[in-house]
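The next block holds one structure in the form of structure tokens; read it before the comments.
The values are calculated or read from the model by the stated rules, or taken from the named source; none is laboratory data. Small disclaimer: the values here were computed from a predicted structure and weren't measured. Neighbour counts are summed over all protein chains in view; Cβ atoms, including those assigned to glycine, are modelled from backbone coordinates with ideal geometry.
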Ligand SMILES: [Zn+2]
């Protein structure tokens, strides 16, 4: 089995207590981490191991993006309220989207993710056989979650039958890198019967469930009007908090009773600060969720509501929005944010025994982040002014990632994918955009009495 000894000036393991190791190494055998510590001792333990020294860099766990959507609409639907954005841009896109376009979107987004240090991605998207192929080829670890609509008027989405077929075909594929969960776009998009079937599918196949909830204030009002209870209470009534692993994106507008429900059912939350700011949704009560013991991960949301998939940038926004919400510069500290992007994100997925921190026995999902840049200077690994955690959250950018390893395999290095050609993906995405937008305009001209003008 291949053995590699990775070394760097600093190793951040995200183990309890948040240790920072200076001049340390990580010994990788096959897809797993064998040992972490003094490079000379590790070299003696594995004299045949290939050596990779990253010098003035930080080795750390690959980042976990707990909520994303593949897509090719970046920058083409700006400045809109959530409702207009959905009605005029996003839902018509779903009506005309083709499987080959969906696959082109996944290749673009999965490539972007690996290049910026994200090793695990939760992707809610369509026609995800193509997404599974993209992840298998490029080397990402993914949780694929189809956008399922299962109510009258939402028949243009994927169905629960599609979702079940994808679970059967791809869950556990690529040595376990590819996971498939049950996805519901939103509880408003599904009948109570469909919600019960979604929960039953989770039990039958031992997979998790992912949906959006409590994103905007209007949505909470509408849930109360429809169901007479809060959205999270309604999810409980529909049986959607019962599966063993449930991950809910957004959770911006929550009442205390809903936080208690999320905690009691051990629900994971995906916090999407950039999307929540860009769509003017609000600032999620992240500190209160963490205080309630809830596993909070960080997500970029899609390319159209962000507009990039850079988890370093997302960490910075999580920190800043947490501070602004509390009007307290000490709120949501850098270690808390780093934990949300790594080990707590893993816990929100029920995968913390495999990923999210660097430890013997865990999967070797590791990134190297340059520290020889102006924005990482001064480089202080320990002592009273130890600043690595602050600079990883507030200074580093995705482009500073020089190596991305998933399952013990290097899948991106120095800005280049090892198993795919980004130039090809960009060209294919631009072709797909042109075709899809043309069909969307035709659909809108027929159904919405006029085509869109750019905003
Ligand atoms: Zn979303």
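Just a few scattered comments:
- Flag if residue 450 is out of contact with any strand residue (DSSP E or B) (no Cβ under 9 Å at 6 or more places or on another chain), outside any strand (DSSP E or B), closer than 30 Å to residue 55 by Cα and modelled with pLDDT under 95: no
A quick yes/no check of all residues on (1) assigned by TED's automatic domain parsing to the domain that holds residue 125; (2) in a loop (DSSP other than H, G, I, E, B); (3) touching a residue at least 60 places away in the same chain (Cβ under 8 Å); (4) within 12 Å of the chain's Cα centre (by Cα):
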{"residue": "289", "(1), (2), (3), (4)": "yes, no, no, no"}
{"residue": "301", "(1), (2), (3), (4)": "yes, yes, yes, yes"}
{"residue": "304", "(1), (2), (3), (4)": "yes, no, yes, no"}
{"residue": "316", "(1), (2), (3), (4)": "yes, no, yes, no"}
{"residue": "321", "(1), (2), (3), (4)": "yes, no, no, no"}
{"residue": "324", "(1), (2), (3), (4)": "yes, no, no, no"}
{"residue": "328", "(1), (2), (3), (4)": "yes, yes, no, no"}
{"residue": "332", "(1), (2), (3), (4)": "yes, yes, no, no"}
{"residue": "336", "(1), (2), (3), (4)": "yes, no, no, no"}
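- When 209, 238, 262, 247 are checked against the criterion of being buried (at least 22 other Cβ atoms within 10 Å of the Cβ) and either more than 16 Å from the ligand (Cβ to nearest atom) or not assigned by TED's automatic domain parsing to the domain that holds residue 171 (or both), 262 stands alone in meeting it.
- None of 93, 124, 128, 60 is within 16 Å of the ligand (Cβ to nearest atom) and under 21 Å from residue 355 (Cα atoms) except 124.
- Test: residue 215 is surrounded by fewer than 23 Cβ atoms within 10 Å (Cβ to Cβ), in contact with a helix residue (DSSP H, G or I) (Cβ under 9 Å, 6 or more places away or on another chain) and modelled with pLDDT of 95 or more: no
- The one condition from (1) out of contact with any helix residue (DSSP H, G or I) (no Cβ under 7 Å at 6 or more places or on another chain); (2) surrounded by 14 or more Cβ atoms within 10 Å (Cβ to Cβ); (3) over 24 Å from residue 6 (Cβ atoms) that residue 439 does not meet is (1).
- Pair list, Cβ < 6 Å and 6+ apart or interchain, from segment 67-78 residues that are away from the ligand (no atom under 14 Å from the Cβ) to residues that are assigned to a loop (DSSP other than H, G, I, E, B): 74/307; 75/307; 78/455
- Residue within segment 348-368 that is in contact with a helix residue (DSSP H, G or I) (Cβ under 7 Å, 6 or more places away or on another chain), within 11 Å of residue 298 (Cβ to Cβ) and surrounded by 20 or more Cβ atoms within 10 Å (Cβ to Cβ) present: no
- When segment 411-425 is filtered for residues that are surrounded by 12 or more Cβ atoms within 10 Å (Cβ to Cβ) and either at pLDDT below 95 or touching a helix residue (DSSP H, G or I) at 6+ places or on another chain (Cβ under 7 Å) (or both), the ones remaining, listed by number, are 411, 412, 417, 419, 420, 422, 425.
- Among the residues here, residue 233 does not qualify as closer than 23 Å to residue 146 by Cα, out of contact with any helix residue (DSSP H, G or I) (no Cβ under 6 Å at 6 or more places or on another chain) and modelled with pLDDT of 95 or more.
- Residue match in segment 269-282 (condition: surrounded by fewer than 16 Cβ atoms within 10 Å (Cβ to Cβ) and under 28 Å from residue 19 (Cβ atoms)): no
- Qualifying residue in segment 48-57 (condition: surrounded by 16 or more Cβ atoms within 10 Å (Cβ to Cβ) and within 21 Å of residue 378 (Cα to Cα)): yes
- Within the option set 421, 400, 407, being free of Cβ contacts under 8 Å to residues at least 24 places away in the same chain and either out of contact with any strand residue (DSSP E or B) (no Cβ under 9 Å at 6 or more places or on another chain) or over 30 Å from residue 87 (Cα atoms) (or both) holds for one residue only, 421.
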